[in-house]
Amino acid sequence: MSATTTSSLLELQQVTKQFGTTTVLQPTDLQVRRGEVVCVIGPSGSGKSTLLRCVNFIAPPSTGTIVFDGAEYKPPTDHRWVPALGMSEEKRLTRLRSEIGMVFQQFNVFPHLTVRENVALGCRKTCGLSRAQANERALAELTRVGMAEKADAYPERLSGGQKQRVAIARALALDPKLMLFDEATSALDPELVNGILAIMRELAEGGMTMMVVTHEMRFAMEVADRVIFMDRGAIVEEGTPEQFKAPQHERTQTFLRSINHG
Amino acid sequence: MTTLFAALDFGPVWEMRSELLKGIGNMALIAVVSFALAIVGGLLLAGMRQSRSRPIAWGGFLLIQFLRGIALYVLLLWMFFGLASAGGFQFQPIPAGILALSLLNSAYLAEIFRAGYEAVPTGQKEAAMACGLPRRTWFFRIHLPQVTQITLPAMGNVFVDIIKDTSILSAIGVTELLRESQRWAQFYQLPFEFYTAAALIYLAIVTLVTFGWRRLERRAGRHLQTQATVRRSRSLLFGIGARSETAPAP
Amino acid sequence: MIAVLPFAFDYSVVSEHSGELLRGLLLTVEVAACGFALAAVLGLPLALAGRSRTPLLRIPATMWIALARGVPLLIVIFWLYYAAAQEGLFSLTAFIAGMLSLGLTGSGYMAEIYRSALSAVPTGQFESAAAIGLSRAQAFRVVILPQALRTAIPPAMNTFVMLLKGATLLSVIGLADMFYAAKLVAVNEFKPFELYTAAAVLVIAVTLVAAIGSGLVERRLSKGVRR
Ligand SMILES: Nc1ncnc2c1ncn2[C@@H]1O[C@H](COP(=O)(O)OP(=O)(O)O)[C@@H](O)[C@H]1O
Ligand SMILES: [Mg+2]
């Protein structure tokens, strides 16, 4: 555990997560440097999503500290009786979340808003852009992911790949410092996967800091600066893609073998 | 059979149209006010049920279950003849009817609202949070529109039920459509004509409201791909409020 | 609520006439049960006719269901009891008229319940039944219907609760249910509050038990599906 260095954008210190009595995330330390791409791999149920959700406090960690961009964030206190007491804390977390973009496996686009509104809503409410500015911004982001001509369609009419593009545009529109991808291609038909991966690759090459949960090993090997293997709620092994070609840990070996021959 | 229909005399029904119309007016007034109040009550009860405080949540649960078990007619008789005679005061029929209708239906609406609240996928909230939207924005711009969309069909069913149940208010002397029909059926000694007319008028009103409500639903769900139009047009006739009480999963 | 009221509640009137009240309650439950049975039996052919491809079956079934669901129960009751008798069509006792009106109204609701339960069975079930060599009729009887009936049980119990509440209306045509008894006694003894309260408590107890029972059954069945 080193002190926060200026080069590290995100630092997790002894972060844990419990649901009731079950511990889903063991005490975890992790540092992510600016511009780094970290790929998280591991069997299903190993806590990869939970790790990502702790980072942007969608599922606030139970204990530990998260340092993001020099600011410290602790697990929020539960103001059960007087929720108003939690307001300032909530505001701070909302700010944090607007600086971190997240892309989900199930897309989670807003079905009752058009593609453009999906992207523009965040800009208007968090960056304080006017409606016109936000729309302009949304259109720019949509162009970037190749969805500009669908700007006025409702998500229901889109394919899975197109929905995921909208979700990426929505996350990018806030100009985030860190992007979280939680199995962004797992719910897609095989022929649509590469389009999304290409966008992610482009982002990585553009210098975006990224944490990517994925089962696409080829993508991980080519794009990641660092790979993390998780199992049973803990980080078992981490290293460069090079190092992951000959993993040290037996569980990592088993997992990689099962993926490659599965 | 020919003698039967030759004997029918719908003339008096037509003569009494203005009286019947007045009954319809009363019915519409009572139904709309009761529905509005029931929505407010339903939101309150659903809120109680969702409350973080255990006693309040339990109170809400018990109240909803209790109200769901009460028949409107029973409540009316009890309020009107039992309670009033004991308290030494008299309810006005229309306010009493509105009170009973809205009270009982608020319990149904509370269940509908709760089901709708929970039917929105959790991913929607997570996505809203991940976008850095404040809670308020999430609730009003993301959650509420989807809850409305999900609960609208079931709410329509409740509205139709309320319209139909206004007929029960005739028992406490509210001069709505059935009461008027009853009065003139006795006056002219023509129960068949007047009750048939009342039944048809009710059917027409319920069908109209159902059509109107469907349009509302379609407006609210215009972002959704229209479901197979054949099925829809068939269910228009088919389903006078065809859907079940619980909100459908999206 | 009783304790809050600023006067004494006279239990003795209630206990004196408890026999009449209970007999009335039993009659309400009986008529509701008969009406529900009728509705459950009528509903299935109605649902099938409503799904039929020939308009000859579909249109009458559709109209029947629309009528059953669109006309208030109380009007059906009056119509069957007074109107039909006046025209010399038929003359019914209060019990039969009550049972018929509950059954006819309920049949529309039951048809809808069967219909949605049937369409909730995945089409793959029909296909796989065909694949193991069952005829359409066999597939329907052995594979589709049992699954559909299972989904239909909880909403059907809700319909029963609805009919039970509807059955309380039947004192308006002189069915000797507990409100009828309560009314008679109340007039004689001048204790309307006690008697109406007792009658209300009795019927609420029954409907509550039915409502809670349907909730339990629903939870039980859905658990079976998840397992
Ligand atoms: N809201 C929750 N309540 C209880 N347990 C949960 C919840 N979310 C996740 N879990 C549990 O946490 C574990 C890790 O889940 P997750 O982080 O989603 O795994 P992964 O993304 O690696 O597949 C799983 O065993 C899962 O059952
Ligand atoms: Mg996951």
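The values are calculated or read from the model by the stated rules, or taken from the named source; none is laboratory data. Owing to the predicted nature of the structure, the values given are computational and were not obtained by experimental measurement. Heads up, the Cβs are rebuilt from the backbone with ideal geometry, glycines too, and the neighbour counts pull from every protein chain shown. When the accessible area is computed, the model is the full protein with side chains, heavy atoms only, and any ligands, DNA or RNA have been set aside. Shrake-Rupley method; radii C 1.70, N 1.55, O 1.52, S 1.80 Å.
Annotations
- Which numbered condition A:MET87 fails, given (1) within 16 Å of ligand 2 (Cβ to nearest atom); (2) within 14 Å of another protein chain (Cβ to nearest Cβ); (3) open to solvent by 60 Å² or more (accessible area, probe 1.4 Å): (1)
- Residue count for the stretch C:27-52 satisfying the condition of being open to solvent by 50 Å² or more (accessible area, probe 1.4 Å), more than 12 Å from chain B (Cβ to nearest Cβ) and farther than 23 Å from C:ILE173 by Cβ: 3.
- From the list A:GLU216, A:GLU250, A:GLU242, the one residue that fits, being out of contact with any helix residue (DSSP H, G or I) (no Cβ under 6 Å at 6 or more places or on another chain) and closer than 26 Å to A:ASN108 by Cα, is A:GLU216.
- Subset tally (residues that are away from ligand 2 (no atom under 16 Å from the Cβ) and open to solvent by less than 20 Å² (accessible area, probe 1.4 Å)) for the stretch A:99-108: 2
- Filtered residue count, the stretch C:154-197, keeping only those that are over 19 Å from the mean Cα position of the chain (by Cα), more than 9 Å from chain B (Cβ to nearest Cβ) and in a helix (DSSP H, G or I): 7
Okay, residues lined up against (1) away from ligand 2 (no atom under 13 Å from the Cβ); (2) within 14 Å of chain B (Cβ to nearest Cβ); (3) crowded, with 24+ Cβ neighbours inside 10 Å:
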residue: A:GLN18; (1), (2), (3): yes, no, no
residue: A:LEU30; (1), (2), (3): yes, no, no
residue: A:GLY35; (1), (2), (3): yes, no, no
residue: A:CYS39; (1), (2), (3): yes, no, yes
residue: A:GLY45; (1), (2), (3): no, no, no
residue: A:ALA59; (1), (2), (3): no, yes, no
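Residue by residue, here is whether (1) of a type in the set (Lys, Arg); (2) out of contact with any helix residue (DSSP H, G or I) (no Cβ under 7 Å at 6 or more places or on another chain); (3) under 26 Å from B:PHE194 (Cβ atoms) holds:
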residue	(1), (2), (3)
B:ALA46	no, no, no
B:ARG52	yes, yes, no
B:ALA57	no, no, no
B:LEU63	no, no, no
B:VAL74	no, no, no
B:PRO93	no, no, yes
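- Residue list for the stretch C:56-75, filter: open to solvent by 50 Å² or more (accessible area, probe 1.4 Å) and within 11 Å of chain B (Cβ to nearest Cβ): C:ARG58, C:ILE59, C:MET63, C:TRP64, C:LEU67
- Flag if A:ALA120 is more than 9 Å from every other protein chain (Cβ to nearest Cβ) and farther than 25 Å from A:THR143 by Cβ: no
- Any hit, the stretch B:170-182, residues being touching an Asp or Glu at 6+ places or on another chain (Cβ under 7 Å), within 17 Å of B:ASN26 (Cβ to Cβ) and within 10 Å of chain C (Cβ to nearest Cβ): yes
- Only one of the numbered conditions (1) surrounded by fewer than 17 Cβ atoms within 10 Å (Cβ to Cβ); (2) closer than 25 Å to A:THR240 by Cα; (3) touching a strand residue (DSSP E or B) at 6+ places or on another chain (Cβ under 9 Å) is not met by A:THR63, and that is (2).
- Listed conditions (1) of a type in the set (Ser, Thr, Tyr); (2) facing chain B (nearest Cβ under 10 Å); (3) open to solvent by 10 Å² or more (accessible area, probe 1.4 Å) are all met by C:SER135, apart from (2).
- Single unsatisfied condition, B:LEU83 versus (1) surrounded by fewer than 20 Cβ atoms within 10 Å (Cβ to Cβ); (2) modelled with pLDDT under 90: (1)
- Enumeration of residues in the stretch B:23-72 that are surrounded by fewer than 15 Cβ atoms within 10 Å (Cβ to Cβ) and either under 19 Å from B:ALA171 (Cβ atoms) or of a type in the set (Val, Ile, Thr) (or both): B:LEU29, B:VAL32, B:VAL40, B:ILE56
So that you can scan it fast, the table gives a plain yes or no per residue for (1) in contact with a helix residue (DSSP H, G or I) (Cβ under 8 Å, 6 or more places away or on another chain); (2) within 15 Å of ligand 1 (Cβ to nearest atom); (3) among the small types (Gly, Ala, Ser):
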| position | (1), (2), (3) |
| --- | --- |
| A:GLU11 | no, no, no |
| A:VAL24 | yes, yes, no |
| A:ASP29 | no, no, no |
| A:CYS54 | no, yes, no |
| A:GLU72 | no, no, no |
| A:GLY86 | no, no, yes |
| A:GLU90 | yes, no, no |
| A:ILE100 | yes, no, no |
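- Reported count of residues in the stretch B:175-209, each being open to solvent by less than 30 Å² (accessible area, probe 1.4 Å) and touching a Gly at 6+ places or on another chain (Cβ under 6 Å), is 4.
- Residues in the stretch C:76-103 that are over 16 Å from the mean Cα position of the chain (by Cα) and either within 7 Å of another protein chain (Cβ to nearest Cβ) or among the small types (Gly, Ala, Ser) (or both): C:PHE78, C:TRP79, C:TYR82, C:ALA83, C:ALA84, C:ALA85, C:GLN86, C:GLU87, C:GLY88, C:SER91, C:ALA94.
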